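What follows is a short report on a single structure.
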There are 2 protein chains.
Amino acid sequence: MADNKWTQLWLDYESKLQQNEEEGEVGISFDGFDAENRVIQSAVEELMRALSDINLTIEFKKDETLAKEAFSVVGSLDGDANVVISASDENGALYGAFQVIRSRYTGQGLTKLNITKAPSNPLRMMNHWDNLDGSIERGYSGNSFFYVNNEIEINDRTVDYARFMASVGINGIVINNVNVKQAASDLITTRYFDKLRLLSDIFADYGIKLYLSLNFASPIELGGLEVCDPLDDGVISWWKDKMKEVYDNLPNLGGFLVKADSEGRPGPFTYGRTQADGANMLADVIAPYGGIIIWRCFVYNCTQDWRDTKTDRARAGYDYFKDLDGQYHDNVILQIKNGPMDFQIREPISPLLGGLTKTNQMLEVQIAQEYTGHQIDLCYLIPMFKEILGFKTYCQEENDTVADVISTRAFGNKLGGMATVINTGNDYNWTGNYLAAANLYGFGRLAFDTELSAEVIAREWVRLSFNLEKDLEDKLVQMLLGSRETYEKYTSPLGIGWMVTPQGHYGPSVDGYEYSRWGTYHRADHFGLGVDRTDKGTGYAQQYYQPNADMYNDPKTCPENLLLFFHHIPYDWKLKSGQTLIQYIYDSHFEGYAEAKELQKSWKEFEGKVPQEVFDCVSHRFEMQVANAREWCDQVNSYFYRKSAVADEKGREIF
Amino acid sequence: MADNKWTQLWLDYESKLQQNEEEGEVGISFDGFDAENRVIQSAVEELMRALSDINLTIEFKKDETLAKEAFSVVGSLDGDANVVISASDENGALYGAFQVIRSRYTGQGLTKLNITKAPSNPLRMMNHWDNLDGSIERGYSGNSFFYVNNEIEINDRTVDYARFMASVGINGIVINNVNVKQAASDLITTRYFDKLRLLSDIFADYGIKLYLSLNFASPIELGGLEVCDPLDDGVISWWKDKMKEVYDNLPNLGGFLVKADSEGRPGPFTYGRTQADGANMLADVIAPYGGIIIWRCFVYNCTQDWRDTKTDRARAGYDYFKDLDGQYHDNVILQIKNGPMDFQIREPISPLLGGLTKTNQMLEVQIAQEYTGHQIDLCYLIPMFKEILGFKTYCQEENDTVADVISTRAFGNKLGGMATVINTGNDYNWTGNYLAAANLYGFGRLAFDTELSAEVIAREWVRLSFNLEKDLEDKLVQMLLGSRETYEKYTSPLGIGWMVTPQGHYGPSVDGYEYSRWGTYHRADHFGLGVDRTDKGTGYAQQYYQPNADMYNDPKTCPENLLLFFHHIPYDWKLKSGQTLIQYIYDSHFEGYAEAKELQKSWKEFEGKVPQEVFDCVSHRFEMQVANAREWCDQVNSYFYRKSAVADEKGREIF
């Protein structure tokens, strides 16, 4: 492995096959599928690589009764060992092949396989925040493997990347940062078409569509127009010509992701137009080519005055988009962050999810650990995503969870899905911390099958990646499963979020965003902390359906882990545990720090059980995590002790 | 003026001569001076430019009874108008010529002149923090005019710069940042010798010596040695060869400024050597060439744990350097920042100044407004420098002020002087804010003559720069004189310092450095704030001579404007004014903000009285200052209100 320039992540057949030196023979046959199809060829190639040491016949069988991209894999021991992979389309066949491989390497008998799966979500996407200069916004795993010095790089790593993505069911990838600047604006020009076509072909081999982030101001920046007003005839005409050119060159392009009117990006608001005006114009232009416009709902006032307690960033998405429900064209899909703020360790679910009913909608999460430890601290995020998916929005009587909404089950929208800001880079191990790959694997698996538990996913990934003895496998699974709550304990308490070093977003700075323009305040004073978002405060709680609205509105019924998000609470408030709020802050921070040390200690048991490179890398990350946890614990406790003047009941050292 | 690429600052004869269209004739004669001497030629040239509209004879007369660099200018109306400029050396003659010009343009009759001045300080230096890539560390006036893209630029601006410096008596300039990195390490190689020689020649025309900042690790970085241990024979031998090469190429070089063992820079500590070991080694090597080593005392632990209340950055300079007093060779001079921290708006005087008695020492101040408003906010610093110079150290019975110590009057040291981090850049007006040039002018004038008052200097500069009607001249002088206290009022109170945005150092962040590694804490809690530096605290106060040590040690005798620097004080502490500490914080911040608005309002009266470009630029700066002052006022007040829970007696709005 050390000879390679990158690891094979959970598809590391080679090292496992070496342990089993037998030669096998896999026979492949086709019933209804074209053996020459690019996706089928990829599936076959992958099976040959992964099963080269066993004797098996595999049939790819077309079954039109199966759903789009669904598969069924059925094994039998009918004389010879054989497996039938059925699907109604090539993507389904490819996913079936990866199911066979996954089953094999997680130790299930192939001849006993009987699995049918249809993807929970039509769109399962990765969003790269890679810049064309090779940097990655919020990247913690090196530089981009797509771009070097404003050129697109295509090599074997690109192919491996596509394999990994397909293996977990990803079918769409946005390859450039949503903040489209500098050279990235040129991605829709002849400067990049040739390389993009090559990339798009590699993706297509694995059933993946290429998407681009789009600069809404392109008519100005590329076209030399005076405006980019979406209702301006000249602008529309410019886009029509441009998109014809783009699709002539990139016929497989899935469409575009747009961040407009957000954090300084241009958008329709500049011209007094709505978000729907902007999205629909672009969508209409690309409709003839089958493209879609993914429009981000991350729109808020990022020049708020901290003195202003009426404005509430949490309200902004709903306020801007809810009234436009029903106005979006059917090849527009709104991409909505899981919470109303920005990927904090604990937030309520965005009320837009299910708040919109007549609009295509898609959940956006972030496995790049921007606010959750920079892939230094262990933070397995699948339990968080499960909470999000399972959240009952009460948007209707049944089928009302977020999973229902985004899957299109709830309202029968044309489009739906899940996207994540990806956590990869050109590091040897792709994700910086080897253990952060659990989020990469897990997101894909969960997007494909939202019914999977966080534990099942963790166990699959651990087994595929490390093939440990049972007790260590259990241990690592438990380490993953508890890691999000550990991180939460030593960082910002009870849903208030932030308290993080400005700009970098790693490490504590309790007041770091308290007097800033970003709308991210904790409002702590001598008596208490938290933001009043009830009907007596900013009214944010009222953006939910009942009974959620009432539940959040009352501090007695509000889930305690979101208490400070919705309420300004005095330090002597009694929690259900009997702890006062201030005592809870102290206790949870000391606990979180202790748990971080416990993680570090537990990892020592893996020496010799995982490759030394893995052990050393992860050991170093845990060392940094412990230092970070200590800093958070001491700074948060000292901050609140100095402010409240309430002593820790247990007399521990606070500075 | 607008046709030029830069202004002429206080030497803008041309615009004034245009108002007086007469033709004059200046006759120059020499008695004892060589008319061909480069410095004498500069003096003559300057006089011809500045006095071209009047009839006058000027004699340069050598008078060996005058001190080094001193001058006497005596005018008379003996038939013709004439002035005799006497001096014992060429620099004295040049400074005499500039005195004549200054006298003329401040409206004094040349025939009545009778001024004799010897410079207060032998060394009067500018420290540029210019990097070779053209950036300037802590620069607020554009980029470097010395460097573009790692090349040295020499042009007419270089000559003008040298003229300005000579006109206020500067005789030494360090042209590169004390943090010597990248290309700057190559300044002592053939890569730059040719250009440096040209630059050194231009400086020499104006009686100025060129100095370089030196990378202590040069033996490693340039020489390929393993170490830069100052006691290593190989290292010493490398330096000998290197310095021979340097002085062969740059015979006029004054010497080197060294920042060692500071903020990540290499130094003798790495090898278990003292600061004296490091400085003396270099000094010995360059002694044959007449060079000097200027060694900065800005050495402290910049990776302090904020939990650690025993370590005190304020102590560090004295702790590291005091015991070595007497060990430094006589061509070493220690450069000591005015305060023990880092150029805050109010600090006590460094106890090293006068604490050292057997060592050459030099005061370092900063007119680059790093912590004092970035040349956006008006902050005339000469009153602060006057306080520093006038501080009685009690290092001996008489002649014990800082001015006495650094001038060499106190202890008869061989070397002494003043240096400032300069506030210039390649902006059209040199200093960003036109009014910030008062500090550039003022530093030079004060370093030459420490007896001048801040008001006299301000008035000279205002008159030379703007030639206003009397009432507006008075007004601008008063605006300058009060500006430092205004800035102090709306920023950090009573000497505690910091509370500033990390890294950038503009704008408030009360806790910005509170939990950091920089040793810069205010220790505010619910009950009070300030750092106990008494004999019961860090003991810093004991680094002073008596009675200063006792005075600072007792909060009742400690000057109130330094109260929080030396003491942790409860909010209800009664100040001499009768205000409580917390009420003082509120009052002074509201006052400071109000005064900033008053400055902005006052400036409106200058419209039409100064060039429009000046008016507009300064108006814009005042607008930004008012916004900054408001932010400081509201954040500091809110921070302390939220923490102390004590209401403002006057019921003003605090957030």
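Brief remarks on what is shown
- When the residues of region A:499-530 are filtered to those that are open to solvent by 20 Å² or more (accessible area, probe 1.4 Å) and in contact with a His (Cβ under 8 Å, 6 or more places away or on another chain), the one that is farthest from the other protein chains (Cβ to nearest Cβ) is A:506.
- Unmet requirement for residue B:546, which otherwise passes all of (1) within 14 Å of chain A (Cβ to nearest Cβ); (2) farther than 26 Å from residue B:371 by Cβ; (3) touching a residue at least 24 places away in the same chain (Cβ under 8 Å); (4) open to solvent by 40 Å² or more (accessible area, probe 1.4 Å): (1)
- When we screen B:408, B:393 for residues that are open to solvent by less than 10 Å² (accessible area, probe 1.4 Å), more than 16 Å from the chain's Cα centre (by Cα) and under 26 Å from residue B:323 (Cβ atoms), the only hit is B:393.
- Every residue from region A:191-205 that is touching a Phe, Trp or Tyr at 6+ places or on another chain (Cβ under 9 Å) and open to solvent by 10 Å² or more (accessible area, probe 1.4 Å): A:202
- Boolean, residue A:560 is open to solvent by 10 Å² or more (accessible area, probe 1.4 Å) and in contact (Cβ under 8 Å) with a residue 40 or more places away in the chain: yes
- Region A:1-55, residues that are more than 21 Å from residue A:161 (Cβ to Cβ), modelled with pLDDT of 90 or more and charged (D, E, K, R): A:25, A:31, A:34, A:36, A:53
- Members of region B:273-283 found to be open to solvent by 10 Å² or more (accessible area, probe 1.4 Å) and under 13 Å from residue B:320 (Cα atoms), listed by number: B:273, B:274, B:277
- Listed by position, the helices (runs of 4 or more DSSP H) contained in region A:563-655 that have at least 1 residues being in contact with a Pro (Cβ under 6 Å, 6 or more places away or on another chain) and within 12 Å of chain B (Cβ to nearest Cβ) are A:612-644.
- Filtered residues of region A:576-614 (kept if closer than 14 Å to residue A:493 by Cα, open to solvent by 50 Å² or more (accessible area, probe 1.4 Å) and charged (D, E, K, R)): A:591
- Hey, residue A:310 farther than 30 Å from residue A:285 by Cβ, outside any helix (DSSP H, G or I) and either at pLDDT 95 or above or not polar (S, T, N, Q) (or both) or not: yes
- Odd one out for residue B:332, checked against (1) more than 30 Å from residue B:622 (Cα to Cα); (2) free of Cβ contacts under 8 Å to residues at least 40 places away in the same chain: (2)
- Count of region B:248-265 residues, restricted to those that are among the acidic types (Asp, Glu) and at pLDDT 95 or above, is 1.
- Test: residue in region B:298-320 that is touching a Leu at 6+ places or on another chain (Cβ under 8 Å) and acidic (Asp, Glu): no
- Test for residue B:419: is it in contact with an Asp or Glu (Cβ under 6 Å, 6 or more places away or on another chain), under 26 Å from residue B:92 (Cβ atoms), among the small types (Gly, Ala, Ser) and modelled with pLDDT of 95 or more: yes
- Residue A:205 of a type in the set (Asp, Glu) and within 29 Å of the chain's Cα centre (by Cα): yes
- Residue in region B:149-167 that is in contact with a strand residue (DSSP E or B) (Cβ under 6 Å, 6 or more places away or on another chain) and buried (at least 16 other Cβ atoms within 10 Å of the Cβ) present: no
- Single residue of region B:284-297 satisfying the filter (open to solvent by less than 20 Å² (accessible area, probe 1.4 Å) and assigned to a loop (DSSP other than H, G, I, E, B)) that is nearest to residue A:631 (Cα to Cα): B:297
- Residues in region A:114-140 that are closer than 21 Å to residue A:184 by Cα, touching a residue at least 60 places away in the same chain (Cβ under 8 Å) and polar (S, T, N, Q): A:127 alone.
- In region B:302-355, the qualifying residues are those that are closer than 18 Å to residue B:539 by Cα and within 14 Å of another protein chain (Cβ to nearest Cβ), and the one that is surrounded by the most Cβ atoms within 10 Å (Cβ to Cβ) is B:306.
- For region B:434-491, filtering for residues that are free of Cβ contacts under 8 Å to residues at least 24 places away in the same chain, crowded, with 22+ Cβ neighbours inside 10 Å and in a loop (DSSP other than H, G, I, E, B) leaves 0.
- Of the residues making up region B:615-655, those that are surrounded by fewer than 19 Cβ atoms within 10 Å (Cβ to Cβ), over 23 Å from residue B:572 (Cβ atoms) and among the small types (Gly, Ala, Ser) are B:619, B:627.
- Any chance residue B:111 is open to solvent by 40 Å² or more (accessible area, probe 1.4 Å), closer than 29 Å to residue B:50 by Cα and without any contact (Cβ under 8 Å) to a residue 40 or more places away in the chain: yes
- Lone qualifier among B:264, B:278 - being closer than 30 Å to residue A:630 by Cβ and more than 14 Å from chain A (Cβ to nearest Cβ): B:264
The values are calculated or read from the model by the stated rules, or taken from the named source; none is laboratory data. This structure is a prediction, so every number in the text was calculated from the model and none was measured. Quick reminder, even Gly has a Cβ in these numbers, built from the backbone with ideal geometry, and neighbours come from all protein chains shown. Note: accessible area is taken over every heavy atom of the protein model, side chains too, but ligands, DNA and RNA are not part of it. Shrake-Rupley method; radii C 1.70, N 1.55, O 1.52, S 1.80 Å.
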